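Below is one structure, written out as structure tokens, with a few remarks after it.
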Amino acid sequence: MEKEKYYITTPIYYPSAEFHIGHCYTTIIADAIARYKRLTGYDVFFQTGTDEHGEKIEKKANEVGVTPKEYVDKIIANAKDLWEHLGISYDYFIRTTDEGHELAVQKIFKKLYDQGDIYKGEYKGLYCIPCESFWTESQLVDGKCPDCGREIKEVSEEAYFFKLSKYQERLEKFYEENPDFILPLSRKNEMLNNFIKPGLEDLCVSRTSFKWGIPVDFDPDHVVYVWIDALTNYITSLGYPNEESELYKKYWPADVHLVGKEIVRFHVIIWPCMLMALNLPLPKQVFGHGWLKLDGGKISKSLGNYKDPREYINAYGVDAVRYYALREVPFGNDGNFSEEALISRTNTDLANTLGNLVNRTINMSHKYFDGIVLNPEVNEDLDTELINSVTKLKDVVEAKMNELKVNEAIDEIMEVLRSCNKYIDDTTPWTLAKDETKKDRLATVLYNLLESIRICTVLLTPFIPTTANNIFDQLNTKETSYESITNFGALELNNKLNEPKILFTRIETK
Ligand code: ME8
């Protein structure tokens, strides 16, 4: 049977400065969802990339005396290295300077112009250079950019406009018919009340005041300005405007665009209207997650108040960083990133709960049975409770992941691991070991623990893949598939476990 497809995207990030933990946050979550979907049998296309044009990058490159392309190339090489360090399993990395993307954007722009959805006019407006956003007077906060709080600039120039206003009614109708289009729901209300109901204004889509952009091919004084260049990345990578492209036919529409809350607006207003104009299907969902603050404040490229995320990876390990990003903040809310919290999370969940359980269990198996996995024969009531919770876990995690409640899905797994630790305390294998007549019971207890660890590990694979492989290796098991966790008891009998290895050492703080 052909696999069902799943297309997930991150925003394409601005390579205007080195990436920070905030970019890692979105990308790790997208990666975990992509890996989870692959595990559960989907044919996944996971895309990330970079949004490389614009005045800001042109200026930054000028400041350091290189071309914009040279400037972004360096940052992108570094970003790709960061994704490799974090185990990001993207299928495609799009760059808006890719030739294929540039040609596709020109064709899209021309098509919209030819059919009357783009027209030439004059732009007078208030513009924030760092955010590349235009604002109306009423949106400013204390006369400054409502997103970043910096000075805005009044600009006036000839420009092309996209007829956003034409699609207002269709957009409202689409929202009514697709109540899950924007998640979390609070963001949908914000969009409707603050941006759509007051009336959509046509959108400036070209500029003449800078050069670092895709030229409008029929009017070369103009370069395509931000959103037609940036948002179309989600389809140009699949081969659009060739609607017969295999990738396009297979993966579009996207299942979810994962974005930070500040760019939800562009993804749920401009992007659907552009797609309507192009007569293409709309993405199924846009999920707007919250911001990660740094020790309570904004992580800022321009303030440079952040460390290279590789420093955390080198200090604590890739899975500690992944786990923290995925588990710490209820997905959708704002949260705080601090090194102390990362350490504390690693110690409690990864070292104490998971690491300790695996280590104790594998050690005892070696000590009492030379590491051989024996048949469970002597069951007690105590076992049923554990086995039930482990067997149910697959569905419990699935329900949470279907709502993209990643932190809750992980916590469900941790809860079962905690109950495994309690099972050890309740069954006291070291006491059973002292009594020759209790050997079979001891074998059963250890089997139940090893099998519970195996099942939990399969479910942990999308979140902490390196650790999961390490555990599978210690268990010496080939039963790592999603199907293998439907029934309790797939762990191979009479197999010899490998030597125990510490998964996470407790991090001592000063
Ligand atoms: O907006 N907390 O690019 P960008 C959480 N090019 N997430 C954060 C974050 C933080 N502190 N900081 C950044 C752009 N992010 C456009 C997007 S899409 C067609 C074009 C993440 O480099 C978050 O996902 O400013 C946010 O939406 C994205 O980085 C913004 O990246």
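The values are calculated or read from the model by the stated rules, or taken from the named source; none is laboratory data. Here the structure is a predicted model, which means the values were calculated and not measured. Cβ coordinates were reconstructed from backbone atoms using ideal geometry, including for glycine residues, and neighbour counts include every protein chain displayed. Heads up: the accessible areas ignore ligands, DNA and RNA and are worked out on the full protein's heavy atoms, side chains in. Shrake-Rupley method; radii C 1.70, N 1.55, O 1.52, S 1.80 Å.
Within region 5-30, the set of residues being more than 10 Å from the ligand (Cβ to nearest atom) and closer than 17 Å to Gln285 by Cα comprises Lys5, Tyr6, Tyr7, Ile8.
Annotation: Asn189 fulfils all but one of (1) assigned to a helix (DSSP H, G or I); (2) touching a residue at least 40 places away in the same chain (Cβ under 8 Å); (3) open to solvent by 30 Å² or more (accessible area, probe 1.4 Å); the unmet one is (2). Under the condition of being of a type in the set (Ser, Thr, Tyr), in a helix (DSSP H, G or I) and open to solvent by 20 Å² or more (accessible area, probe 1.4 Å), the residues counted in region 405-447 number 3. In region 182-204, the condition of being out of contact with any strand residue (DSSP E or B) (no Cβ under 9 Å at 6 or more places or on another chain) and within 14 Å of the ligand (Cβ to nearest atom) is met by no residue.
Exactly one residue out of Leu350, Leu342 is outside any strand (DSSP E or B), free of Cβ contacts under 8 Å to residues at least 40 places away in the same chain and buried (at least 16 other Cβ atoms within 10 Å of the Cβ), and it is Leu342. Within region 1-21, residues that are within 17 Å of Val256 (Cβ to Cβ) sit with their Cβ atoms under 7 Å from residues that are basic (Lys, Arg) and more than 7 Å from the ligand (Cβ to nearest atom), at 6+ positions apart or across chains, in these pairs: Lys5/Lys250; Tyr6/Lys37. Only one entry in Thr431, Thr477, Thr461 is within 29 Å of Cys24 (Cβ to Cβ), of a type in the set (S, T, N, Q) and modelled with pLDDT of 95 or more, namely Thr461. When we screen His85, His53 for residues that are within 16 Å of the ligand (Cβ to nearest atom) and either modelled with pLDDT of 95 or more or surrounded by fewer than 23 Cβ atoms within 10 Å (Cβ to Cβ) (or both), the only hit is His53.
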